[in-house]
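**Student:** Can you keep this structure in mind? I'll have questions shortly.
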Amino acid sequence: MNSSDPLVLHRTTELIYRNSAAGQFICIITATILVVAQSGAHELASLLMWWCIASGVAVYRLWCTRAYQNTDNPHARLWRKRVNFGVGLTGLVWGIGGVFLMTTSPESLKLLTAFILAGMVAGAVPVLGAMLSAMRIFAVLMLTPILIAACFGQTRVDLFLGLLSVIYLGVMLKSSKLFNDALVDSILLEQKQANLVEQLVIARNAAEAASQAKTEFIANVSHEIRTPMNGIVGMAHLLAQGELSPQQREEVEIIRSSSDLLLALINDVLDVSKIEAGYLHLDIQAFDLKDLLDGLVQMFQVAAHNKGLYLNLVWDGQLPGPVESDPLRLRQILVNLIGNALKFTHQGGVSVCIKTEQESLGWRIGFSIIDSGIGIAPDRMPHVFDAFIQADGSLTRQYGGTGLGLTISQHLANALGGSITVAANPDGGSIFSFELLLNNSYLFHPEEIHEPFEPRSLHILLAEDNPTNRLVALRLLEKMGHQVICAENGEIAVTLYQQHQFDLVLMDMQMPVMDGLLATKTIRQLEAQSGAPRLPIIALTANALDRDREACMAAGMDCFLTKPIRSELLAETIGIYS
């Protein structure tokens, strides 16, 4: 405890002056009561003169209080000296008056005077207890008349009052000390709490800034990696469509599969970054759960067959109708779990067990991925959902991967309202399970699914600043039978838009001179001014964050595709918007 701390001095001085005004009004009222009570035993003129002096001192202290409150930067020590002076002046006036009344009044009025003086000392503790020196001065001066009366008095009442005043003075000073200690402790504790809160805010801001910096870094790295990857994937695809020898085709397939693995790694790291930064958003929509699961099992059947494994889809319960959730994120969870199960299984196979239970508003769906693989060691099982943790963490591990799949899946399951658990399969292997509550959907209509489009030749404007990416896109579009005009930046793209009639625009997001966002806004403004029909603009960019998608949509684009370009997806998207 440090009562000389500048903060403590400032706060205790503030408290004294805050409560001082009420104390001065009480002094005036109490002096009035005392004068009225003593008016029959003493000359009224003497009593009124004392009352005027006491009231004058109270008014002076009220003026000091107002002056303190009007000061912008009060100096604590200076104003504390004024408190001591004012309190000493008050105690002196009341002490002189008290000596006069205690030594010249009858016993009944002595008792009343002693009671008033003692009561004022007690009432001063909450106000002057914040400043021990002032409290001591006030208590001693106010109780001195009782002691003097006891010394010069001739009755037992005087002696009794004197003895009580000594005991009372000690009690009041001790109480003031305890009050002051508690007050100082509370001020210091409040300051510590304020400092702690400030430190926590600074730490939180630093953590948020670090997280944001990490997200920006990963997003930038993702963009920079996707740009050259687009050239690798695109050219590998074009090579695969040509006439190749078996050895050349095998080498091209190695390039394509390796680029797919690298792209999956980039997407995993980007997903973790988005989840940690709070950028993960769900797209709740209606879908058919059976169709989703049938498609997943069919997709993995080839991989299972190549390893000599079975892959079964087992339903326990009634098949649900259309339900609502985020099918893309649910599919991502199941792809990770089924892919892991197949990767770590060499004999037997994998069962995807679905348990359904109908509820009032939907379905409680239990998902269990049961494999007969290598299993997970008991000491590693609690950590399988930690980032970069794998079942086989040795230097000689035979299984690839980053250890991010289960981390991402757990976060996605939590976002969907569930939680993935892992247990050992009694027959060998592992069981990964989670449960979701999916609401019924009345908005899903299978007949609304788009029919396969009829491809036709289009006049396309391609805005892309990277020469490699521009060449890849140009070759892919020409293979599809489209006519393409290229622009190296957004400004050229806007100029070409004004000079030609296009069926569709493929717009990169980041370009020199004028970026794709501004170019799109400019085209939309020109359309509005001329009354021209809306031209489909598809973003074709290496920026893969949700905020990039939102920025493109806000600028007026119609669709968002990320690099590397997949020719099948590009062809399908062009067909939809043509």
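The values are calculated or read from the model by the stated rules, or taken from the named source; none is laboratory data. What you see is a predicted model, and the numbers here were worked out from it, not measured in a lab. Note that we place each Cβ from the backbone using ideal geometry, even for glycine, and neighbour counts take in every protein chain shown. Areas reflect the complete protein model, heavy atoms only, side chains present, ligands, DNA and RNA absent. Shrake-Rupley method; radii C 1.70, N 1.55, O 1.52, S 1.80 Å.
**Student:** When you have a sec, figure out the Kirkwood radius of the chain from all distinct Cα pair distances and drop it here in Å to one decimal?
**Tutor:** Details: mean 1/r = 0.0310 Å⁻¹.
For the chain, inverting the mean 1/r across all distinct Cα pairs yields 32.3 Å.
**Student:** Do the sum for the chain: with -39,500 (n - 2.57) for every DSSP H run of n ≥ 4, divided by all residues, what is the mean residue ellipticity at 222 nm, to the nearest 500 deg cm²/dmol? Walk me through the numbers before you get to the answer.
**Tutor:** Numbers: 15 runs with 353 residues, N = 578.
It lands at -21500 deg cm²/dmol.
**Student:** Ok, one more. If you roll a 1.4 Å probe over the heavy atoms of the protein chains, what accessible area per residue do you get for the chain, in Å²? Before the final figure, lay out the partial values.
**Tutor:** Working: 29900 Å² over 578 residues.
For the chain, the per-residue accessible area is 52 Å².
**Student:** If you find the alpha carbon centre of the stretch 290-335 and of the stretch 35-92, how far apart are they in angstrom?
**Tutor:** Here the two parts' Cα centres lie 88 Å apart.
**Student:** From the protein chains alone at 1.4 Å, what is the descending order of accessible area for HIS281, HIS42, largest first?
**Tutor:** Values: HIS281 100, HIS42 25 Å².
Ranked list, largest accessible area first: HIS281, HIS42.
**Student:** Report, as a whole number in µm² per second, the diffusion coefficient that Stokes-Einstein gives for the stretch 168-221 at 37 °C and 0.692 mPa s using the Kirkwood radius over alpha carbon pairs.
**Tutor:** Numbers: Rh = 14.7 Å.
It diffuses with D of about 223 µm²/s by this estimate.
**Student:** Enter the angle in degrees (range 0 to 90, nearest 10) between the Cα long axis of helix 567-577 and the first principal axis of the Cα atoms of the chain, meaning the one along which they spread out most.
**Tutor:** Roughly 80 degrees, rounded to the nearest 10.
**Student:** Using 0.36 nm per residue of separation minus the Cα-Cα distance, give me the extension gain between GLU224 and PHE85 in nm, one decimal. Mind dumping the intermediate values first?
**Tutor:** Details: separation 139, 0.36 × 139 = 50.04 nm, distance 7.48 nm.
The GLU224-PHE85 span can extend by a further 42.6 nm.
**Student:** Along the charge dipole of the chain, pointing to its positive end and built from +1/-1 on Cβ of Lys, Arg, Asp and Glu, which listed residue (LEU244, ASN230, LEU188) has its Cα farthest out?
**Tutor:** Looking along the dipole axis, the top candidate is LEU188.
**Student:** I've got another one for you. Computed over the Cα atoms, what is the radius of gyration of the stretch 14-90 divided by 2.2 N^0.38 Å, N being its residue count? Each step should come with its number before you reach the end.
**Tutor:** Working: Rg = 14.7 Å, N = 77, 2.2 N^0.38 = 11.5 Å.
Against the empirical 2.2 N^0.38 Å value, I get 1.28 for the stretch 14-90.
**Student:** Still on this structure, please answer the following. Relative to the longest principal axis of the chain, what angle (0 to 90°, nearest 10) does the C-alpha long axis of helix 156-240 take?
**Tutor:** Its long axis makes an angle of about 10 degrees.
**Student:** Also, quick follow-up: Quick check: the distance between the Cα centres of the stretch 118-197 and the stretch 476-505, to the nearest angstrom?
**Tutor:** Between the Cα centres of the stretch 118-197 and the stretch 476-505 lies a distance of 91 Å.
**Student:** Same structure, new question: So which of LYS192/LYS214; LYS81/LYS177; LYS479/LYS563; LYS110/LYS177 end up more than 23 Å apart, counting from Cα to Cα? Display every interim value, and only then the final one.
**Tutor:** Working: LYS192/LYS214 32 Å; LYS81/LYS177 19 Å; LYS479/LYS563 18 Å; LYS110/LYS177 29 Å.
Too far apart for the 23 Å limit: LYS192/LYS214; LYS110/LYS177.
**Student:** Let me ask another. Could you size up the charge dipole of the stretch 40-162 around its Cα centre, putting +1 on the beta carbon of Lys and Arg and -1 on that of Asp and Glu, and report it in debye to the nearest 20? Intermediate results must be reported in sequence, preceding the final value.
**Tutor:** Working: 9 positive and 4 negative charges, 100 e Å.
Using Cβ point charges on Lys, Arg, Asp and Glu, the stretch 40-162 gives about 480 debye.
**Student:** A further question follows. Which percent of the accessible heavy-atom area of the chain goes to carbon and sulfur, probe 1.4 angstrom?
**Tutor:** Numbers: 17860 of 29900 Å².
Carbon with sulfur: 60 percent of the solvent-accessible area.
**Student:** Does the stretch 455-570 classify as rounded, prolate or oblate by the C-alpha gyration tensor (a ≥ b ≥ c root eigenvalues; a/c under 1.5 gives rounded; else a/b over b/c gives prolate, otherwise oblate)?
**Tutor:** Numbers: a/c = 1.44, a/b = 1.11, b/c = 1.29.
The shape class here is rounded.
**Student:** Can you tell me the dipole magnitude for the chain around its Cα centre, using point charges on the Cβ only (Lys, Arg +1; Asp, Glu -1), in Debye to the nearest 20? Kindly include the intermediate steps, with their values, before the conclusion.
**Tutor:** Numbers: 40 positive and 55 negative charges, 755 e Å.
So the magnitude is around 3620 debye.
**Student:** Positive end of the dipole of the chain, charges at C-beta (+1 Lys, Arg; -1 Asp, Glu), about the Cα centre: which of ILE431, THR407, ILE370 has its Cα farthest in that direction?
**Tutor:** The residue sitting farthest along the positive end of the dipole is THR407.
**Student:** Still on this model: Give the angle, between 0 and 90 degrees and rounded to the nearest 10, that separates the Cα long axis of helix 6-38 from the longest principal axis of the Cα atoms of the chain.
**Tutor:** The angle comes out at about 40 degrees.
**Student:** I'd like the antiparallel share, as a percent to the nearest 5, of DSSP beta bridges with both residues in the chain. The partial results should precede the final answer.
**Tutor:** Details: 27 of 50 bridges.
If I count the DSSP bridges inside the chain, around 55 percent turn out antiparallel.
**Student:** Between exposed trypsin sites (Lys or Arg not before Pro) in the chain, where DSSP calls loop and at most 16 other Cβ atoms lie within 10 Å, what's the longest gap? List each step's numbers first, then the result.
**Tutor:** On the way: sites that count: LYS307, ARG380, ARG397, ARG456, ARG534.
Looking at the chain, 1-306 is the longest stretch - no exposed trypsin sites (Lys or Arg not before Pro) with at most 16 other Cβ atoms within 10 Å.
**Student:** Compare the Cα positions of ALA207, LEU561, ASN336 along the charge dipole of the chain (+1 at Cβ of Lys, Arg; -1 at Cβ of Asp, Glu; about the Cα centre) and return the one farthest towards the positive end.
**Tutor:** ALA207
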